[in-house]
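What follows is a set of notes on a single structure, which appears directly below.
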Amino acid sequence: MNPLPIPSALTLRNIVDSGEIYSVPSTVLSDLDVSEAMLAAVLRTPHDETPRKAYAAWLAANGRNERAELIRLQCQPVPAFDRHPRGTPVCACGECTRRERVRELLSPDRADEWAGGARLRETTKSVPVLHHTDDRHCPGTLGLVWNRGFVEEIRCPAAMFADVAEIVFALHPVLRVVLDDVAECLWTEQKSDGSQSLYLWQAGRRVWLGDPCLAGLCRAESQAAFVVWLAERVSRACVLRGRRLAGLPV
């Protein structure tokens, strides 16, 4: 798409929030300024696809076509019924073609660059950083799950999350965190009235997760529901922590 001339009153914020792409004179804003403003809009509103699509259009207009293509492809609607679950042969249908192109775009070198790999390698040292587009994960590694053009999920041990959270959240609208060793990071406080408080130890402090008994999850038959409840509470606590570290609204 051809960039539009920038209105004189347009600010950095509404360059993005308007959903349009503008050509900005170098005397007003540098490409880096606009890129950072557009990324900031994506990070501010992680559930909204409009800033992502605006960012993709700007990237394409400025020669970063592969990064733009990944965002556009992963923002396309996914069929409600998956005709080709994992392990089935790939065909020439539109969905298989899209998935294959996403895999090509997320080659190790490109995914590493887009994820902030240089800084991550300094932090994770010899721990492998693996990029996925589904729920596969190798415990003990740093697993980054890509969706809608960005890393939306982090899977790793708790200590590693503490090391990489600020880096990843400053570049990606992360929506979910899964800790490999979450059982080792939990602490339960039994109160005199029979209630319980469940805490997550995080960066040297405890974060209250809730009372599973009040949620009706202390019975043996509620085990499966408790696992889901716990995963959601831990993920929420970690996402809030990561956004605060990156200076994002929570």
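The values are calculated or read from the model by the stated rules, or taken from the named source; none is laboratory data. Being a predicted model, the structure only gives us computed values, none of them experimental. As a convention, Cβ positions derive from the backbone with ideal geometry for all residues, glycine included, and neighbour counts pool all protein chains shown.
What to note about this one:
- Counted residues, the stretch 117-131 - those being over 13 Å from W146 (Cβ atoms) and either in contact (Cβ under 8 Å) with a residue 40 or more places away in the chain or out of contact with any Cys (no Cβ under 9 Å at 6 or more places or on another chain) (or both): 10
- Check on A80, modelled with pLDDT under 90 and either surrounded by 12 or more Cβ atoms within 10 Å (Cβ to Cβ) or aliphatic (A, V, I, L, M) (or both): yes
- Among (1) on the phi > 0 side of the Ramachandran plot; (2) modelled with pLDDT of 95 or more - the single one G140 does not satisfy: (2)
- When restricted to residues that are in a loop (DSSP other than H, G, I, E, B) and closer than 15 Å to L175 by Cβ, the stretch 105-133 contains 1.
- Residue in the stretch 203-226 that is among the basic types (K, R) and under 26 Å from E113 (Cβ atoms) present: no
- Scanning the stretch 94-125 for residues that are among the polar types (S, T, N, Q), under 28 Å from D163 (Cβ atoms) and exposed (fewer than 14 other Cβ atoms within 10 Å of the Cβ) yields a single hit, S107.
- Here the condition is being at pLDDT 95 or above, in contact with a helix residue (DSSP H, G or I) (Cβ under 7 Å, 6 or more places away or on another chain) and at negative phi; of V234, V250, it holds for V234 alone.
- Scanning the stretch 126-151 for residues that are of a type in the set (A, V, I, L, M, F, W, C) and surrounded by fewer than 19 Cβ atoms within 10 Å (Cβ to Cβ), we see that the one that is farthest from Q76 (Cα to Cα) is V127.
- Options L43, L32, L10, L59; residue that is aliphatic (A, V, I, L, M), surrounded by fewer than 19 Cβ atoms within 10 Å (Cβ to Cβ) and either at pLDDT 50 or above or not in a loop (DSSP other than H, G, I, E, B) (or both): L32
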